[in-house]
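The values are calculated or read from the model by the stated rules, or taken from the named source; none is laboratory data. No experiment lies behind these values; they were computed from the predicted model shown. Note that each Cβ is placed from the backbone with ideal geometry, even for glycine, and that neighbours are counted across all protein chains shown. These accessible areas exclude ligands, DNA and RNA; they are computed on the full protein's heavy atoms, side chains included. Shrake-Rupley method; radii C 1.70, N 1.55, O 1.52, S 1.80 Å.
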Amino acid sequence: MGGDTHNSSGLPPFTLTGLPELEASQHWMILLLGLLYTVSIVGNSLILFIIKEEQSLHQSMYYFLSLLSVNVLGVSFSTLSTVLATFCFHIREISFNSCMVQMFFIHFFSFIESGILLVMSFDRYVAICHPLRYATVLTDARVVQMGISAIIRSFCMIFPLPLLLLRLPFCKANVLSHAYCLHSDLIRLPCGDVTISNIFGLVIVICTFGLDSALILLSYVLILRSVLAIASREERLKTLNTCVSHMCAVFIFYVPMVGVSMAARYGRHAPPYVHTLMSLIYVFVPPMLNPVIYSIKTKEILRRLCKILLRRKF
């Protein structure tokens, strides 16, 4: 055992995993992942282009949507290289440093997304509960401040994770459960004491995902209370309809995350491919569905998208 031990200076490589026990179906998985990447990258790029070109969309709500699109593009590009290498070229080995960098960016963008969803819920709260103050509360400068705050918070939370892993010795097979590097996967591999890393990981999850989801829930409780005070049923439905896109974005972000956590904690006897599929859903589904949801539910975006498609057709 002692001869196989590596510390951070030894830079042990890691082995990525495709779909264990389902190798015969991997060619279908390549097509599916290619489709998901294409929809995610093209869809979010179109959202950014439409918001930039459409003057009526130069509002705080759509600025936040632009941040969300940039962020999910970051998630997609963070995993693209190793997913393609694993499923298309069967290159399974990744260096220690590359794995640390990828882990940092995957979690960095995930934490930013949680922060963006929180400020988007605040945007909906102000728009519905305090409409007369909307323009003065959510100025362009404040939107920029909120976006920068989400980025700084995410960086401060995630930066210590690779540093804590660097100080640990590795003496196992270093086989990962996914086609990319996640902290929850890497923390299983060191043969040293991982108590500090585990505690820190739990603390940052509670301080970000836990706190953000609680504040998002609170904002919608306040929104619902305000909406129920509206006399007209038609006006109530119209007001709630402005929140549907954001509620769907929150749903598709947090539900896969909870599913992955539950599978990791309680699904130890499940086949290995179940954990891999759950992780793929968590990483790929939100970036792919976000542009679809906002394109369908936002008339201005849908109208401009139809114009672009018709222009290309004729």
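Our helix-only sum for the chain, with -39,500 (n - 2.57) per DSSP H run of n ≥ 4 divided by its residues, gives a mean residue ellipticity at 222 nm of -24000 deg cm²/dmol. Placing +1 on the Cβ of every Lys and Arg and -1 on the Cβ of every Asp and Glu, with no other charges, gives the chain a dipole of roughly 940 debye about its Cα centre.
Short-range pairs are left out: with C-alpha atoms under 8 Å and at least six residues apart, the relative contact order of region 23-302 is 27 percent. For the pair residue 159 and residue 269, the difference between a 0.36 nm per residue extended length and the Cα-Cα distance amounts to 36.3 nm. Reducing region 35-80 and region 134-190 to their Cα centroids gives an inter-centroid distance of 21 Å. Taking the chain as a whole, the Cys residues whose C-beta sits 4.7 Å or farther from every other Cys C-beta are 88, 129, 156, 207, 243, 248, 306. Between the listed residues 78, 294, 129, the Cα displaced farthest toward the positive end of the dipole of the chain, a dipole computed from Cβ unit charges relative to the Cα centre, is found at 129. To put it simply, the accessible area of the chain at a 1.4 Å probe is 69 percent carbon and sulfur.
Shown for the chain are the DSSP H helices of 24 Å or more along their axis, judged by Cα atoms, with a mean Kyte-Doolittle hydropathy of at least 1.0: 26-53, 60-87, 96-129, 140-158, 211-228, 244-266. For residue 243, the amide hydrogen comes within under 5 Å of no other amide hydrogen, counting only partners 5 or more places away or on other chains and with H modelled in the peptide plane. In this structure the amide hydrogen of residue 170, modeled in the peptide plane, comes within under 5 Å of the amide hydrogens of 6, 7, 191, none closer than 5 places in sequence on its chain. Rolling a 1.4 Å probe over the heavy atoms of the protein chains gives the chain an accessible area of 52 Å² per residue.
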